[in-house]
Every structure is written in C-alpha cells, then in structure tokens.
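Please read the structure below before turning to the comments.
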Amino acid sequence: MIYDVVIIGAGPAGLAAGLYASRARLKTLIVEKEKAGGQIVTTAEVANYPGSIENATGPTLVNRMVEQAEEFGAEKVIDTIKEVELEGKIKVLKGEKGEYQAKTVIIATGANPRKIGCPGEEELTGRGVSYCATCDAAFFEDMEVYVVGGGDTAVEEGMYLTKFARKVTIIHRRDELRAAKSIQEKAFNNDKIEFMWETVVEEIKGDGIVESMVVRNVKTGETTEIVADEEDGPFGIFPFIGFIPATGLFEGKVELEDGYIVTDEDMKTNIPGVFAAGDVRVKSLRQVVTATADGAIAAVQAEKYINENFND
Ligand code: NAP
C-alpha cells in the first residue's frame, strides 16, 4: 500500500500534521519509535500553549492530540525507521518491523536531551540520573536533587522538582543563567533552590545507584566530591543542558544546518515531497505552539504537492 503521507514522529508537530492530513482525507500513517508524545511528555506544566489551562500537563495534552488525530483516521504504528529513500516519486521508509511507501513524508522526529558525557552518566541513567522531572520527581520525595544547566528547561524543571525534593541545587557552568528573566526571578525567590555557579559535573559514581558526583569549579579548577546524605541513600541528577536534533537518518539526504533540517516557510525541505515540522527544523522558537503550527502547514503543503504531482 502506498500512503499519501507518512509522518515520522508523534510529538506535537507530527500529531498536528496527522490531524490535518487525515482531516483532508489523505491516507495517513504516523510512525513513532516508542510512544507518542515527544519531549512535551516530560513537561509537568504547559502554561504557554494557548487554550491549555487548568493544570494541563504534557501527557494530557499529547493524549488529546493523539485521540484527535486518530478520530479523523490517521493510523499509528510503533516502529523504528532505519533507512530512508526519499529521492524517488514514491518514498520508501525501512523500519525494523516493516517497510512503508508514501507519496510524501513529513519529518517530525524532534530532538533529544543532550548528555553531559561524563563517566557514570550512562550507567546510572534510570538509577538516579534522569532527563525527565515529570517522570521521576516522585522518586526523590524529601531527598536532595541536582539539576545541571542554566536555560529555561533547567530552571523550570528545577522549580517543579522542589515540589518533591527537600533541596534542589542548580549546577551551571557560568555565573549567570540563560533562562528568561521571569523564570529566573521565580527561581531566585524559591527557598528550596540553591545555585552552584561556574561548575561542571566531571563524574557520577555509584554502585547501581547514584551515590556521589565529582564537580569542578571552572574558574579555580578545584574539584569536589558531593556525597549523598547517609539517611537519604542516593540523590538525583537531572541534566537539562539543551537538545540534539534527531536527524541522523537524514544526513546526506536532506539539507541540514548544524544538524537541524532546513525548510522554507511552507515546511518544504530541499527534496520534493519531503517536509519537516517542529523542533527538528531550523527555526527561532521551539515550542508546542510553533511545532503544531509547523505540522499543520506541512500537512496542507503535502496535500497540495500530491494534487500537483499525482493524478490518480
Ligand atoms: P538551552 O536554552 O540551550 O540551554 C542549555 C543550558 O545548558 C545553558 O544554560 C547551557 O549553558 C547549558 N549547557 C549546554 N551544554 C552544556 C554542557 N555540556 N555542560 C554544562 N552545561 C551545558 O536549552 P533549554 O533550556 O532546554 O531550552 C531549549 C529551548 O526551549 C530554548 O529556546 C528555550 O527558550 C525553550 N524553552 C522554553 C520554555 C518556556 O518558554 N517556558 C521552557 C523550556 C524551554 P550556557 O548558558 O553557558 O550556554
């Protein structure tokens, strides 16, 4: 079977594309690696998506988006795409479970959290190291937690963690935050938040669970080992140091800039019939509201492309 549109990724961009494409009666498939959501699922509060009030969380918002896309007939499959052939008139996506053919492809693969890259980080992920406060904050009830980073995500998630943790220390490599001033102010006024300035994490240690971490002051070069409170046992480390676009599949196939996909304002990539939407593309604001807008535009342009290039 040849789909009109195959969308890779089921975050807000992919789900909005799925909604618009299926509403336009295009035969639409959304391929997602694990489960729907993308990064927004890791967000406890979505206060800046228009209309999303009354304690809207990332997961509730995404669940509604999934329901809405499926209501209009978009199909969903869990599969990991391993290879793409995008040049031909019919695009071919090879997954672990199956092969998918489509007249158009919308790339909405988003971006993944950047890792600190220090010894111990990988081994202790899920064992004290977490990239999702919403998912894991409850494990650190009344314990100590360290957040790494100085951007909006680090500071906002740090504040969220104070609802659970006894103390949250934000470790930042410079002496001032990158986060928006309004977000900074709230953090500075929060008694449970402390800051460790001009500091980087060098190593995370522990036997099956985080027990200590070595940090280095970038100005003085001095290293310190932070050891978990004996009564607590472990502590939590939440790195929020930015994101890396998920574009490995498209290297050498679609035009990229610093790893992000280059599109025009109609979400068209340099390959006819291939569109990109959301955080994966070069853009100035990566938010749910801009991701969903991208998805809508990409789907409408895909429909236009099909009308112009296929006469069946
Ligand atoms: P970001 O703005 O890129 O900030 C990353 C932070 O991590 C920076 O403070 C950076 O330090 C630090 N960092 C980067 N690499 C590091 C490393 N290897 N070791 C230690 N620290 C490192 O990322 P983000 O906070 O995830 O935000 C991403 C985008 O989403 C931004 O555009 C942001 O505005 C947006 N966002 C918006 C909201 C909101 O509007 N409510 C919420 C979350 C995110 P330096 O400052 O020294 O570079």
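The values are calculated or read from the model by the stated rules, or taken from the named source; none is laboratory data. Predicted model, so just to flag it, every value in this text is computed and none were measured. Here the Cβ positions follow ideal geometry from the backbone for every residue, glycine too, while neighbour counts run over all protein chains shown. We work out accessible area using only protein heavy atoms, side chains counted, and drop any ligands, DNA or RNA first. Shrake-Rupley method; radii C 1.70, N 1.55, O 1.52, S 1.80 Å.
Would you confirm, using the coordinates I've provided, whether LYS33 is over 20 Å from LYS304 (Cβ atoms) and open to solvent by 80 Å² or more (accessible area, probe 1.4 Å)?
Values: over 20 Å from LYS304 (Cβ atoms): yes; open to solvent by 80 Å² or more (accessible area, probe 1.4 Å): yes.
So LYS33 fits the description; yes.
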Being crowded, with 22+ Cβ neighbours inside 10 Å and farther than 30 Å from VAL200 by Cβ is the filter here; which residues of region 239-253 pass it? PHE250
Which ones in region 256-308 are of a type in the set (Val, Ile, Thr), open to solvent by 40 Å² or more (accessible area, probe 1.4 Å) and in contact with a helix residue (DSSP H, G or I) (Cβ under 7 Å, 6 or more places away or on another chain)? VAL300
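Name the residues in region 120-166 that are part of a strand (DSSP E or B), more than 15 Å from the ligand (Cβ to nearest atom) and either in contact (Cβ under 8 Å) with a residue 60 or more places away in the chain or touching a Lys or Arg at 6+ places or on another chain (Cβ under 6 Å) (or both), would you? Lay out the reasoning, then the answer.
Taking region 120-166 as the starting set, the residues that turn out to be part of a strand (DSSP E or B) are 125, 129, 144-148.
Now drop any that are not more than 15 Å from the ligand (Cβ to nearest atom), which leaves 125, 144-145.
Once the filter is applied, which keeps residues that are part of a strand (DSSP E or B), more than 15 Å from the ligand (Cβ to nearest atom) and either in contact (Cβ under 8 Å) with a residue 60 or more places away in the chain or touching a Lys or Arg at 6+ places or on another chain (Cβ under 6 Å) (or both), region 120-166 yields GLU144, VAL145.
Do we find that ILE209 is more than 16 Å from the ligand (Cβ to nearest atom), of a type in the set (A, V, I, L, M, F, W, C) and not assigned by TED's automatic domain parsing to the domain that holds GLY37 in this structure?
On the way: more than 16 Å from the ligand (Cβ to nearest atom): yes; of a type in the set (A, V, I, L, M, F, W, C): yes; not assigned by TED's automatic domain parsing to the domain that holds GLY37: yes.
Yes, satisfied.
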If the requirement is being part of a helix (DSSP H, G or I) and either touching a strand residue (DSSP E or B) at 6+ places or on another chain (Cβ under 8 Å) or surrounded by 15 or more Cβ atoms within 10 Å (Cβ to Cβ) (or both), which of these qualifies: ALA17, ALA102? ALA17
Only one of (1) out of contact with any strand residue (DSSP E or B) (no Cβ under 6 Å at 6 or more places or on another chain); (2) buried (at least 16 other Cβ atoms within 10 Å of the Cβ) is not met by ASP142, so which one is it? (2)
Right, LYS76: free of Cβ contacts under 8 Å to residues at least 40 places away in the same chain, part of a strand (DSSP E or B) and either within 16 Å of the ligand (Cβ to nearest atom) or open to solvent by 20 Å² or more (accessible area, probe 1.4 Å) (or both) or not? no
Across region 110-133, what is the number of residues that are closer than 30 Å to THR57 by Cβ and open to solvent by less than 40 Å² (accessible area, probe 1.4 Å)? 10
Pairs where the first residue, in region 95-116, is within 16 Å of the ligand (Cβ to nearest atom) and the second is in a loop (DSSP other than H, G, I, E, B) and not hydrophobic (A, V, I, L, M, F, W, C), C-beta under 8 Å, 6+ apart: GLY110/GLY9; GLY110/GLY11; ALA111/ARG286; PRO113/TYR131; PRO113/GLY242; ARG114/GLY242; LYS115/GLU121; LYS115/GLU122
Counting only residues that are of a type in the set (Lys, Arg) and touching a strand residue (DSSP E or B) at 6+ places or on another chain (Cβ under 6 Å), give me the strands (runs of 3 or more DSSP E) lying completely in region 183-265 with at least 1 of them. 199-205, 212-217
